[in-house]
Amino acid sequence: MDGKMTVISAAMYDKAVNGEMNVKEAVNMLRECTQFRTLSAKLGAFAKGRDIRKLLTEGICNNHPEAKHDSVDKKVRNWLADRQTGIQKADAIELCFILGLQIDESEHFLAMISEEGFHWRDPDEIPYIYALMHGMNYLQAKALAEKINCALKEKDVTEEDSETFTAVIHERIKNISSEEELTEYVISEASRLGKMHNTAYSLFTEMMEKLEAPEVYGSDDDYFPENEKYSVGRIVATYMHREDIPENTDNKKKSLYSALQKSVSANWPDESVLSRIKNRRADISRKTLILLFLATYDECEITDEDEYLENEEEKEKSRDEIFMEFYMSMNTMLSSCGFSTLDPRNPFDWMIIFCMGAEDFWATDSTLSEFLQTLFSENNIGNTLQNG
């Protein structure tokens, strides 16, 4: 468990991993729980005693003089009334300036609001990172971003298939001391920068390759040829649990979804999404990485027969030991890609933690499937209508 968890987060974590609930009880607990972080609570956590509605409304109006005050106020009221679960990242970045956050606070704020911190390789975000580090306001940051963007357009840069990952650029930007130096750096390194997450894509490719050519061995009758190739569609159907979530084409049924169901199902990857990511026509979402990690993680990945026999003779790991390795590996993977680690007060994350903690490590997949089927059963959707 993360030692930095709040008391409430630690309590939610313990409920997920203590093994005292079956799937039906876990779904009911999730549905009735009032301790998940709402958007209003996330915004309020950074208010520092100020009137958050007034602060955000006036800040946005100052940054956008053309905007109507009533429209901005309505948008802020919708945030504070939890009529949506998140805020688009570009808007969340602007709120970092309005809230007067330092760069470390901003990273934390963005991770809570959009599940992703700054992408230090993104030339559109780099000026805002620099501005927060040097005490600039939002309008100054926006002007710097526009200046750099114009310079890049004049150069007509094409992003290379670079192996440059975020950490290298992160360190360089921290040491830049002037706007001119920043502009020169972004232009000179333009071909190595980009909006896509390279580390995440590298992991995505590695995990997809495992799923595309699985080596499954059972009895002689159950043997699958090693050269059998899984299509993206088959991967989605077999490993990504898409079929456990009802299609959202029926707007009437979709409108009956509870906030919990909407939070869990939002942006669930399908065949089209995975294909676009694979061809680098779309970036990788946190939810996609988590589901792929669940499908490919092997706590005892051994290929050498002697090593396997030696391992068999060792004392078996306890359920708690296996879970903790799984949990820490998941968080390490997410952090390396710039995404927030598992949050017990996020409904989707809590579900994932619960399924990872299944009594039988190998039952994680079936537990997740049962959880989703229970959460999205016709009865549960019908209850939303009755209770609404």
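Inspection of the range 76-84 finds a residue satisfying the criterion of being open to solvent by 10 Å² or more (accessible area, probe 1.4 Å) and under 18 Å from the mean Cα position of the chain (by Cα). A single member of Ala151, Ala190, Ala143, Ala131 is open to solvent by 50 Å² or more (accessible area, probe 1.4 Å) and at pLDDT 80 or above, and it is Ala143.
Looking at the range 38-69 only, could you name the residues that are in a loop (DSSP other than H, G, I, E, B) and open to solvent by 50 Å² or more (accessible area, probe 1.4 Å)? Working first, answer last.
Going residue by residue through the range 38-69, those that are in a loop (DSSP other than H, G, I, E, B) are 38, 45-51, 64-68.
Once the filter is applied, which keeps residues that are in a loop (DSSP other than H, G, I, E, B) and open to solvent by 50 Å² or more (accessible area, probe 1.4 Å), the range 38-69 yields Thr38, Ala45, Lys48, Gly49, Arg50, Asp51, Pro65, Glu66, Lys68.
Take Glu94 and tell me if it is crowded, with 17+ Cβ neighbours inside 10 Å, touching a Gly at 6+ places or on another chain (Cβ under 9 Å), at pLDDT 95 or above and acidic (Asp, Glu). Yes; evaluated as a whole, the condition is true for this residue.
A quick yes/no check of all residues on (1) over 19 Å from the mean Cα position of the chain (by Cα); (2) in a helix (DSSP H, G or I); (3) modelled with pLDDT under 90:
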residue	(1), (2), (3)
Lys262	no, yes, yes
Ile290	no, yes, no
Ile302	yes, no, yes
Asp306	yes, yes, yes
Met328	no, yes, no
Leu334	no, yes, no
Asp349	no, yes, no
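The values are calculated or read from the model by the stated rules, or taken from the named source; none is laboratory data. These numbers come from a predicted model, not from an experiment. Here the Cβ is made from the backbone with ideal geometry for all residues, glycine too, and neighbour counts use every protein chain on show. Accessible surface areas use protein heavy atoms only, side chains included; no ligands, DNA or RNA. Shrake-Rupley method; radii C 1.70, N 1.55, O 1.52, S 1.80 Å.
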